[in-house]
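The block underneath contains the structure these notes are about, expressed in structure tokens.
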Amino acid sequence: MRLFITLKPLEQRIKGEGLYIDSVPLSDILDLKVSPIYVTSLNSISQRLNYYKSALQKHFTNFEVFYAMKANFSFPILEEIKNSGGGIDIVSIGEWRAALKAGIKPEKICFAGVGKKEEEWKEAIKGGLGYLSVEHLSELNDILFFIYKNKSDEIKSLVISLRLNPSVEVETHPHLKTGALNSKFGILFEHFEIWLNQMKSQFQDIEDYKKWIRPLKGIHVHVGSQLMENSIFPLIANKILDCADFMLKNNIIVKHIDFGGGLGVPVEGVPENGIDIKSHIDFLCNTFKNAASNYKDLIKEWGKDFNNLFVCVEPGRSIVASSTVFITQVLYEKRNSDKNLFCYVDGAMNDFPRPSLYGAIHHAEIVNFKQDVNLREKLKNNFLNWNIVGPVCESGDFLSKNTLLPEVQKGDIIAFFEAGAYCRSMASTYNLRSLTSEVFVKDGKILHVIQG
Ligand SMILES: *Cc1c(COP(=O)(O)O)cnc(C)c1O
């Protein structure tokens, strides 16, 4: 099931009428004569953002959904998020500038990132940034002193969060783990404890200390991406609460908790009714509230109904992955042996990097058969195990391995699904190929075409 993307049975996929993206038929996309191309349904993005919002709303009065734009930073997507009232999670100054250009308000932006340069955080803070997550104690030092010394009113409302490394192991691709002891992300609680005790002792006057520490009022965790289960979360909730409790004892009232992103997307796509998002958020919020009930001092600050707490999430993949198909055209085929069949397409690892980068599996289908007359013949034949490969000069350049498809022919169109997250945003010009083109569809119409 895919929100706003409909694949018809094989028999109907002739003349491009077998695939619809938000009721726009594939034939309209093929008429653009651009290949390979990403096709995105913008409505499906706002719908999934809204699923997050309504799920959070059931648990907390004050909340925000920051879309992690590194998953897909295309301009029409950012505009769609803005128009749907979402916030944006950024990880570089380039993303900051792109978000502002798309009309996102600075106070709706959360800046995370493990290696921010001084000029990057300064530009964002001076520009009215709403939320900043720090990942190093020396970074925290520099930023707190910058704000402490700065007289401008603009930066008064900035909320700084400590990105906690909860040192937990989660099940996902090693490159997607971000909350383990061997991870470069976040700050260990033990280190923060030592640091705060040391820093505090440098202030003679408690009011002065309070003024200096004032912007630090949040805790942030993000333990990994493409997570298919969340049984580790109770442990994480306790680590957040222990940290918040320690901060409270040191005159820091945590007002802001950010649970990060990470909800995984299965190969078969996401449920249309948003049940995956709802149950994920319900689990997170219920677990957190239950655990918090043991922390009396914190509850006194937050209130029994948590009205004094601001809770956020930063989903990337789960918002955009299923909004998009990657469309590519068959060039040739080659059969080295019965077991080594190659289907060459015009899309490559530079356009669609996840299979070669992460070994990711994306469901592939032939969505338009070039020659109708042969269709019957093709359908009768057995399906074969194809390696779908691109023109880049590397054996690592494959889009899928052992994919069951009918006989392929030059001009056939193959679609890869769940292609909205970490695909186009990781595209490159390797081999001096053009950046991949994109088309955006909304309310049954083609809205934008961005040609690479
Ligand atoms: C990448 C990232 C996210 C989004 O993760 P998804 O798996 O795409 O939901 C959220 N927060 C931070 C800090 C990130 O780096």
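Coordinate-derived values only; no laboratory data. Bear in mind the structure is a predicted one, so any value in this text is a computation, not a measurement. In this analysis, Cβ positions are derived from the backbone assuming ideal geometry, glycine residues included, and neighbour counts consider all displayed protein chains.
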### Task
Please turn the phi angles of the stretch 119-125 into ³J(HN,Hα) values with the Karplus equation 6.51 cos²θ - 1.76 cosθ + 1.60 (θ = phi - 60°), one per residue in order, whole Hz, x for glycine and proline.
5, 6, 5, 5, 4, 5, 5
### Message
Taking θ = phi - 60°, what integer Hz values does the Karplus form 6.51 cos²θ - 1.76 cosθ + 1.60 yield along the stretch 173-190, in sequence order, with x for Gly and Pro?
### Response
4, x, 6, 9, 8, 10, x, 9, 4, 8, 9, 7, 8, x, 10, 6, 4, 4
#### Entry: Among CYS312, GLY262, VAL389 the positive-end extreme of the charge dipole of the chain (Cβ point charges)
CYS312
### Summary
Any residue on another chain or 5+ positions along whose placed amide H is under 5 Å from the amide H of HIS220 is listed here as LEU162, ARG163, LEU164, ASP258
### Message
Using a 10 Å cut-off around each Cβ, can you sort ARG97, ARG354, ARG335 from fewest to most neighbouring Cβ atoms?
### Response
ARG335, ARG97, ARG354
### Query
P(r) tail for the stretch 1-94, what percent of Cα pairs lie past 16 Å?
64 percent
#### Entry: Note, ³J(HN,Hα) from phi for the stretch 112-117, Karplus 6.51, -1.76, 1.60, rounded to Hz, x at Gly and Pro
10, x, 8, x, 6, 7
### Alpha-carbon Debye profile of the stretch 43-320, log10 I(q)/I(0) at 0.07 Å⁻¹
-0.23
### Summary
Between LEU447 and residues 5 or more places away or on another chain, the pairs with built amide H atoms under 5 Å apart involve PHE440, VAL441, LYS442
### Summary
Over 25 Å (Cα to Cα) among LYS53/LYS184; LYS53/LYS217; LYS217/LYS289; LYS108/LYS151; LYS184/LYS239 -> LYS53/LYS184
### Message
Just want the ordering: SER400, SER434, SER318, from fewest to most Cβ atoms lying within 10 Å of their own Cβ.
### Response
SER434, SER400, SER318
### Simple Cβ-charge dipole of the chain, Lys/Arg +1 and Asp/Glu -1, about Cα centre, in debye nearest 20
340 debye
#### Entry: Simple label model, 7 Å out from Cα along Cβ direction - ASP205 to ASN251, nm
1.1 nm
### Query
What residues have an amide H closer than 5 Å to that of LEU19, excluding those fewer than 5 places away on the same chain, when H is modeled at 1.01 Å from N in the peptide plane?
LYS8, LEU26
### Query
With r defined as the distance between the Cβ atoms of ASN431 and ASN290 and R0 fixed at 51 Å, what FRET efficiency is calculated, to the nearest 0.05?
0.45
### Message
Counting only helical runs of four or more DSSP H residues, what would the 222 nm mean residue ellipticity of the chain come to if each run contributes -39,500 (n - 2.57) and the total is spread over all its residues?
### Response
-9000 deg cm²/dmol
### Loop-located trypsin sites (Lys or Arg not before Pro) in the stretch 395-451, at most 16 other Cβ atoms within 10 Å (DSSP)
LYS410
#### Entry: Zone residues, the stretch 390-426, relative to ASN336, backbone N less than 19 Å from point 7 Å out along Cα-to-Cβ
390-405, 408
### Query
Once the Cα atoms of the stretch 328-452 are picked out, what are the Rg and Dmax in Å?
15.0, 47
### Message
Tell me which trypsin sites (Lys or Arg not before Pro) from the stretch 126-156 have a DSSP coil assignment and no more than 15 other beta carbons within 10 Å of their own.
### Response
LYS151
### Task
Provide SER152, SER428, SER161, SER322 in ascending order of the number of other Cβ atoms located within 10 Å of each residue's Cβ, fewest first.
SER152, SER428, SER161, SER322
### Task
Kindly work out what percent of the DSSP beta bridges joining two residues of the stretch 43-320 are antiparallel, to the nearest 5.
5 percent
### Query
How far is it, in nm, from the label point at ASN307 to the one at GLU394 when both lie 7 Å from their Cα along the line to the Cβ?
5.6 nm
### Query
Between VAL114 and GLU229, how many nm apart are label points set 7 Å from Cα along the C-beta direction?
2.5 nm
#### Entry: Folded to 0 to 90 degrees: helix 275-292 orientation relative to the chain principal axis, Cα
20 degrees
